[in-house]
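This report refers to the structure that appears directly beneath it.
Any read-out appearing in this document is the output of simple, stated calculations on the displayed coordinates, not a laboratory observation. These numbers were taken from a predicted model, which means no experiment stands behind them. For neighbour counting, all protein chains shown are included, and Cβ atoms are generated from backbone atoms with ideal geometry for every residue, glycine included.
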Amino acid sequence: MNYRHFFRAAPIMAVASLACAGAAFAANFEFLAAPEIDLNRVYRLDRATGEVGACQYGLKDNSIGVTLCYPSGEGAGAQPPSEYGLVASRHEREAGVFRVDLRTGAMSICYVLNDSVVCTPPAK
């Protein structure tokens, strides 16, 4: 057996395995645009904790604009550990999204209220 090829390939295999491990951690968040057709808001969900936030584009004089972000408020913070997802309704005037617990089937409706994202209590 020619070990020279193995030792040359070992560093490449190590880097490839680290890249794959990093890719597994890269999917911690899910993003979904609000279904409202005249709103440029995108919701962000931490898939493991269920925490929801949102950002949107804002105009600012003499600039290219700003990113306005809304932190998690009442009901939108971390939930019991599970597997969460976001679902938008098909209602073109709806500014909120549904946070769903993919393990239990519980749902909350999340939307921006004043300066934060809020969510209703989970229900089935």
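The ranking of Phe29, Phe98 by Cβ neighbour count inside 10 Å, starting from the fewest, reads Phe29, Phe98. For the stretch 27-119, DSSP calls about 95 percent of its internal beta bridges antiparallel.
Entry note, the stretch 27-119: relative contact order of 28 percent, from Cα contacts under 8 Å with a spacing of 6+ residues.
Neighbour counts of C-beta atoms inside 10 Å place Arg90, Arg44 in the sequence Arg90, Arg44, starting with the fewest.
The ranking of Tyr57, Tyr43, Tyr70 by Cβ neighbour count inside 10 Å, starting from the fewest, reads Tyr57, Tyr70, Tyr43.
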